[in-house]
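The structure appears below as structure tokens.
The values are calculated or read from the model by the stated rules, or taken from the named source; none is laboratory data. In this text, all values refer to a predicted model and were calculated from it rather than measured experimentally. In this analysis, Cβ positions are derived from the backbone assuming ideal geometry, glycine residues included, and neighbour counts consider all displayed protein chains. Note: accessible area is taken over every heavy atom of the protein model, side chains too, but ligands, DNA and RNA are not part of it. Shrake-Rupley method; radii C 1.70, N 1.55, O 1.52, S 1.80 Å.
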2 protein chains.
Amino acid sequence: MNSKELDFLISALTKHNPFMKTKSFMDWFFSRQQAHKFHIEQIPFEKLEDWSFEPSTGNLTHASGKFFFIEGIWVETNVGRISQWSQPIMNQPEIGILGILAKKFDGILYFLMQAKMEPGNINLVQLAPTVQATRSNYTRVHKGGTPPYLNYFLDKSKSTILVDSLQSEQGARFLRKRNRNIIIETSKEVPVLDDYCWLTLGQIHKLIQYDNIINMDARTVLSCIPFAAPELQNMGVSELLPTVKKLGTVDMSYVRCDFDEFQTKLFTSATATNEGIYDSDTIISWLTELKVYYELNTERIPLKFVKNWHKTDYQILHDEGKYFAVIAVAVQADNREVASWTQPLMKPQESGIVAYLVRNINGVLHFLVQAKVEAGNFDVVEMAPTVQCVTGNYKDEKPENLPPFLEYVSNVPPEQVRFSTFQSEEGGRFFQEENKNMLIELGDDFPVKVPDNYIWMTMGQIKNFIRYNNFFNVEGRCLLSCFGFM
Amino acid sequence: MNSKELDFLISALTKHNPFMKTKSFMDWFFSRQQAHKFHIEQIPFEKLEDWSFEPSTGNLTHASGKFFFIEGIWVETNVGRISQWSQPIMNQPEIGILGILAKKFDGILYFLMQAKMEPGNINLVQLAPTVQATRSNYTRVHKGGTPPYLNYFLDKSKSTILVDSLQSEQGARFLRKRNRNIIIETSKEVPVLDDYCWLTLGQIHKLIQYDNIINMDARTVLSCIPFAAPELQNMGVSELLPTVKKLGTVDMSYVRCDFDEFQTKLFTSATATNEGIYDSDTIISWLTELKVYYELNTERIPLKFVKNWHKTDYQILHDEGKYFAVIAVAVQADNREVASWTQPLMKPQESGIVAYLVRNINGVLHFLVQAKVEAGNFDVVEMAPTVQCVTGNYKDEKPENLPPFLEYVSNVPPEQVRFSTFQSEEGGRFFQEENKNMLIELGDDFPVKVPDNYIWMTMGQIKNFIRYNNFFNVEGRCLLSCFGFM
């Protein structure tokens, strides 16, 4: 039997799909967008149903006490140029499920993906995991139906768990929020409902090359997929691909091996866990040192005590119009568990950028990883992309005040850009928030020596840290999911 | 060059020590106990210097705002028979250093251990890491001298970091406290002060077989030491020891290989990372499921709002005399950074027991590990010994209400007991608190199927999880440190 890593690899190398050809996907996807009528409208807070501002705290909460609520935090830190501030934040203490159902057909792993509407989505419908369920969803607080396929994740008999870990979400917007990222391979029959389709990992990776198709929830789950198959350990670069073909226990005629030079580098980095210039203990020690040195004190406070923010009829916003605003929307849809509802969303005030810089070190592609402090982090510091910032915040800054590598990324020659698309944040919480996602290959003249809170890792090493919870932030994970050999 | 794991293994197999023979150690240790005059006295709270109860909260705090303070928590959980309670707790937000300095002499690793007085210690002096320093220590809040050897840990040039991770402390007594557990191998000259001595790992493991010699801080650091040398991977049991002797690049004539049958099992389990019946992804998934299911809501509250506890002149205690009491002591010593001081301590009301059950599965010794919820845990659940409880709390309980395996451990036939000693909790915070530490070998008829919150792991797997922070609680780690092949 293949290891699960080899099963993932083979699926990633497969674009043949008898259920859904890659070139038919877009037609199907647009047809799903057209199949339902959705209407989203920004409304004043007073038109929110079941949501209200608590008189004693000013917090924006749901009448059930479930879902999430918006409160304030007061933050004190020794990192960065602002040492104290307060801000609104989303608090969602329940752990939800982001689950993808997988199944083998003719020995190849397929993933059941969902065309899903979320009120904050750009284009409204994006491709999502099989199941996105908060605990409120599956305990049916909103009195709607149970989300389809949820039972495969609640009763795991006849199933193999391929991926299953708790992963954090945006530390700048959520207070210590985490979701369970899970992929289950089932041997049960799986009926395919209208808004769902089976795709190989190779097809999904192809679709991530387009703007705003694969939603954030899908990207974070995909980022947890390991490729470092034990069968390939201690193998030279040139042997890797032929060995995958040889080891595959199924019809391998559709497995694509026409990698260009950079794709080969990505593939090699993804399967490299012991070839990094720093071993995992050294990386843990680096992070330990930073966690000891960095101070982050985040205290929950009532929303009404947040300073330098104010509320209008339609939004809660920063006095200088920075960062984000809390708004309210009304949603009308016909294919959700509930046909219409109202809810708050967070709307970004500026666009952002996330980018990994990569370079060859000792024959293996290394990613430049940043240790980043964010107020809502579960444990002070998480590993993040080389660059992760809201560019608008820095538009009038002198170069020396910019975050490291931002200027480099902003002025990089096009021939070094290996990936550049726009990807969306979670449309159930964020309103039309998209960030530029980039992968930039550095020349061998780029210095290996980097600032103290940066370190070089292979993709295989990053994947290994992702397994152990709370090491990589959601931006670092989702960006990585875009580089599945492309 | 040996891997660091092989260096640790060789030191663990070495009892020869030109600096300090094992049989001379006790004489030296008692001489250090006699060398200084210590006097500890319980005092009423009003005689505390620099410590006082804050009028608005009732919290017991130090005038500097540093060290630690005692406040209250309010706890709500769906685990166990009590679903809500409040209690006093120690809050020590700063991350301290527990550091052991190591150095090779003639190719063998030695560890610089300290005979250290702590006011709560049984016998007052126990063997401690080279350095135990809170951030208040090394920023000199108490205006004393810098702890000896601290500079080796602040300036790590000419040093190799062997172990370096953040590890939790007692979740029932501390609110999310963590310390940096670090072992550094230096190539610098190291002068040996009066209260310090070089010991091999084999010698330290021998001393742990005695009651209350090796303090908790030393045991937690020792628990982080990995033995799964890459040089020994995929090796059969019978080859392991001869291979260590063959690979050792130093004079191996003092390496002990006279293991009995059980010691051989421990050694094999410690070097086994891929031979467990569950792989690490399965273990992570098991823990993920429990973290989703278990609810733990811990809120900080003023000490004066804690219910069912009351304060006398001399202690803060539970109305039924259960759990622990907060007391105050005055200390007079001549070899500490400060010659005399007063401080609060926590005093246990009952004795406790920690025990691992182990059994052979597929030819490798597996430890039965519990997922345990404790109010002060950083992340709801941590892995813990098979049995970890205050036995006094259950003395009048019916068997069906006892924690799993407690009755088994209490009535186990002596021939199954492989280890049974008393070990102390940290004497800087706890007053004469000792727990019975046990290792019990099960027969092959003991069921492999166990309750949902238990799982079987090899010692090598446990060591691997310890590397990644916040997986194993301090009781689970410290108990493991006692089984260094014995």
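Answer yes or no as to whether A:Leu345 is crowded, with 18+ Cβ neighbours inside 10 Å, within 30 Å of A:Ala229 (Cα to Cα) and under 24 Å from the mean Cα position of the chain (by Cα). In short, no. Number of residues in the stretch B:240-261 that are at pLDDT 90 or above and crowded, with 17+ Cβ neighbours inside 10 Å: the value is 0. Of all residues being modelled with pLDDT under 95 and charged (D, E, K, R) in the stretch A:355-390, which is nearest to the chain's Cα centre (by Cα)? Just the residue, please. Across the stretch A:355-390, the extreme among qualifying residues is A:Glu374. A:Glu350 passes every criterion in (1) open to solvent by less than 10 Å² (accessible area, probe 1.4 Å); (2) of a type outside the set (A, V, I, L, M); (3) away from chain B (no Cβ under 14 Å); (4) touching a Ser or Thr at 6+ places or on another chain (Cβ under 9 Å) apart from (1).
Does the stretch B:409-432 contain any residue that is among the acidic types (Asp, Glu), open to solvent by less than 10 Å² (accessible area, probe 1.4 Å) and either on the phi < 0 side of the Ramachandran plot or not in a strand (DSSP E or B) (or both)?
First, pick out the residues of the stretch B:409-432 that are among the acidic types (Asp, Glu): B:415, B:425-426.
Cutting the leftovers down to open to solvent by less than 10 Å² (accessible area, probe 1.4 Å) gives us none.
Looking for residues that are among the acidic types (Asp, Glu), open to solvent by less than 10 Å² (accessible area, probe 1.4 Å) and either on the phi < 0 side of the Ramachandran plot or not in a strand (DSSP E or B) (or both), one finds none in the stretch B:409-432, hence no.
State yes or no: is A:Ile100 open to solvent by less than 10 Å² (accessible area, probe 1.4 Å), farther than 30 Å from A:Leu162 by Cα, touching a strand residue (DSSP E or B) at 6+ places or on another chain (Cβ under 9 Å) and assigned to a strand (DSSP E or B)? For A:Ile100, the condition - open to solvent by less than 10 Å² (accessible area, probe 1.4 Å), farther than 30 Å from A:Leu162 by Cα, touching a strand residue (DSSP E or B) at 6+ places or on another chain (Cβ under 9 Å) and assigned to a strand (DSSP E or B) - is not met.
Across the stretch B:58-97, the number of residues qualifying as of a type in the set (D, E, K, R), more than 19 Å from B:Phe430 (Cβ to Cβ) and in contact with a strand residue (DSSP E or B) (Cβ under 7 Å, 6 or more places away or on another chain) comes to 1.
For B:Glu41, the stated conditions do not hold, so it cannot be described as surrounded by 18 or more Cβ atoms within 10 Å (Cβ to Cβ) and of a type outside the set (A, V, I, L, M, F, W, C). Considering (1) within 14 Å of another protein chain (Cβ to nearest Cβ); (2) crowded, with 23+ Cβ neighbours inside 10 Å; (3) not hydroxyl-bearing (Ser, Thr, Tyr), the lone condition that B:Asn215 does not fulfil carries the number (1).
Which residue is nearest to the chain's Cα centre (by Cα), if the candidates are limited to the stretch A:174-212 and must be within 14 Å of chain B (Cβ to nearest Cβ) and under 18 Å from A:Phe105 (Cα atoms)?
Here is the first cut: in the stretch A:174-212, the residues within 14 Å of chain B (Cβ to nearest Cβ) are A:175-185.
With under 18 Å from A:Phe105 (Cα atoms) added as a condition, the list becomes A:183-185.
Details: A:Ile183: 15, A:Ile184: 19, A:Glu185: 21 Å.
Filtering first and then ranking leaves A:Ile183.
Of the residues making up the stretch B:457-467, not a single one is within 14 Å of another protein chain (Cβ to nearest Cβ), buried (at least 16 other Cβ atoms within 10 Å of the Cβ), assigned to a strand (DSSP E or B) and aromatic (Phe, Trp, Tyr). Restricting the first member to the stretch A:159-173 and to residues that are at the interface with chain B (Cβ under 8 Å from one of its Cβ atoms), and the second to residues that are among the hydroxyl-bearing types (Ser, Thr, Tyr) and outside any strand (DSSP E or B), the beta-carbon pairs closer than 8 Å and six or more apart or on different chains are A:Ile161/B:Thr282; A:Ile161/B:Ser285; A:Asp164/B:Ser285; A:Asp164/B:Thr288; A:Ser165/A:Tyr468; A:Ser165/B:Ser285; A:Ser165/B:Thr288; A:Leu166/B:Thr288.
Of the candidates A:Met20, A:Met1, the single residue that is at pLDDT below 95, of a type in the set (A, V, I, L, M), part of a loop (DSSP other than H, G, I, E, B) and out of contact with any strand residue (DSSP E or B) (no Cβ under 9 Å at 6 or more places or on another chain) is A:Met1. Of everything in the stretch B:468-479, what is over 14 Å from B:Ile353 (Cα atoms), more than 10 Å from every other protein chain (Cβ to nearest Cβ) and among the hydrophobic types (A, V, I, L, M, F, W, C)? Give them in sequence order. Matches in the stretch B:468-479: B:Phe472 only. Among the criteria (1) touching a Leu at 6+ places or on another chain (Cβ under 9 Å); (2) more than 10 Å from every other protein chain (Cβ to nearest Cβ), the one B:Gly321 does not fulfil is (1).
Does A:Lys307 satisfy being in a helix (DSSP H, G or I) and either more than 14 Å from chain B (Cβ to nearest Cβ) or crowded, with 19+ Cβ neighbours inside 10 Å (or both)?
On the way: in a helix (DSSP H, G or I): no; either more than 14 Å from chain B (Cβ to nearest Cβ) or crowded, with 19+ Cβ neighbours inside 10 Å (or both): yes.
For A:Lys307, the condition - in a helix (DSSP H, G or I) and either more than 14 Å from chain B (Cβ to nearest Cβ) or crowded, with 19+ Cβ neighbours inside 10 Å (or both) - is not met.
In the list A:Ile327, A:Ile277, A:Ile284, A:Ile316, which residue meets the criterion of being at the interface with chain B (Cβ under 10 Å from one of its Cβ atoms) and modelled with pLDDT of 95 or more? Step through it out loud before you land on a result.
Numbers: A:Ile327 fails: at the interface with chain B (Cβ under 10 Å from one of its Cβ atoms); A:Ile277 fails: at the interface with chain B (Cβ under 10 Å from one of its Cβ atoms); A:Ile316 fails: at the interface with chain B (Cβ under 10 Å from one of its Cβ atoms).
Just a single option satisfies the conditions, and that option is A:Ile284.
Residue count for the stretch A:25-69 under the criterion of being touching a Ser or Thr at 6+ places or on another chain (Cβ under 8 Å) and of a type in the set (Val, Ile, Thr): the result is 2.
Would you tally the residues in the stretch B:66-95 being outside any strand (DSSP E or B), within 13 Å of another protein chain (Cβ to nearest Cβ) and either of a type in the set (Lys, Arg) or open to solvent by less than 40 Å² (accessible area, probe 1.4 Å) (or both)? Show your work before the answer.
Just the residues of the stretch B:66-95 that are outside any strand (DSSP E or B), to begin with: B:66-68, B:78-83, B:92-95.
Now restrict to residues that are within 13 Å of another protein chain (Cβ to nearest Cβ): B:78, B:93-95.
If we keep only those that are either of a type in the set (Lys, Arg) or open to solvent by less than 40 Å² (accessible area, probe 1.4 Å) (or both) too, we end up with B:94-95.
Counting residues in the stretch B:66-95 that are outside any strand (DSSP E or B), within 13 Å of another protein chain (Cβ to nearest Cβ) and either of a type in the set (Lys, Arg) or open to solvent by less than 40 Å² (accessible area, probe 1.4 Å) (or both) gives 2.
With the condition kept exactly as written, say whether any residue in the stretch B:324-342 is without any contact (Cβ under 8 Å) to a residue 12 or more places away in the chain, open to solvent by 20 Å² or more (accessible area, probe 1.4 Å) and assigned to a loop (DSSP other than H, G, I, E, B).
Within the stretch B:324-342, one or more residues are without any contact (Cβ under 8 Å) to a residue 12 or more places away in the chain, open to solvent by 20 Å² or more (accessible area, probe 1.4 Å) and assigned to a loop (DSSP other than H, G, I, E, B).
Any idea how many residues of the stretch A:371-396 are open to solvent by 20 Å² or more (accessible area, probe 1.4 Å), over 15 Å from A:Glu433 (Cβ atoms) and part of a strand (DSSP E or B)? Within the stretch A:371-396, residues that are open to solvent by 20 Å² or more (accessible area, probe 1.4 Å), over 15 Å from A:Glu433 (Cβ atoms) and part of a strand (DSSP E or B) number 2.
Can you spot a residue in the stretch A:133-156 that is within 30 Å of A:Ile73 (Cα to Cα), of a type in the set (Lys, Arg), open to solvent by 10 Å² or more (accessible area, probe 1.4 Å) and within 14 Å of chain B (Cβ to nearest Cβ)? Walk me through it before giving the result.
Within the stretch A:133-156, the first condition is being within 30 Å of A:Ile73 (Cα to Cα), and the residues that meet it are A:133-142.
If we keep only those that are of a type in the set (Lys, Arg) too, we end up with A:135, A:140.
Pick out the ones that are also open to solvent by 10 Å² or more (accessible area, probe 1.4 Å) and you get A:135, A:140.
Still in the list and also within 14 Å of chain B (Cβ to nearest Cβ): A:135.
Looking for residues that are within 30 Å of A:Ile73 (Cα to Cα), of a type in the set (Lys, Arg), open to solvent by 10 Å² or more (accessible area, probe 1.4 Å) and within 14 Å of chain B (Cβ to nearest Cβ), one finds at least one in the stretch A:133-156, hence yes.
Which ones in the stretch A:168-197 are of a type in the set (S, T, N, Q) and surrounded by fewer than 23 Cβ atoms within 10 Å (Cβ to Cβ)? Spell out the reasoning first.
In the first step, residues of the stretch A:168-197 are kept if they are of a type in the set (S, T, N, Q); the result is A:168, A:170, A:179, A:181, A:186-187.
Of everything in the stretch A:168-197, those that are of a type in the set (S, T, N, Q) and surrounded by fewer than 23 Cβ atoms within 10 Å (Cβ to Cβ) turn out to be A:Gln170, A:Thr186, A:Ser187.
Restricting the stretch B:287-296 to residues that are more than 9 Å from every other protein chain (Cβ to nearest Cβ) and in a helix (DSSP H, G or I), the residue that is most open to solvent (accessible area, probe 1.4 Å) is B:Tyr293. Here B:Asn435 passes the criteria (1) open to solvent by 20 Å² or more (accessible area, probe 1.4 Å); (2) on the phi < 0 side of the Ramachandran plot; (3) in contact with a Gly (Cβ under 7 Å, 6 or more places away or on another chain); (4) part of a loop (DSSP other than H, G, I, E, B) except the one numbered (4).
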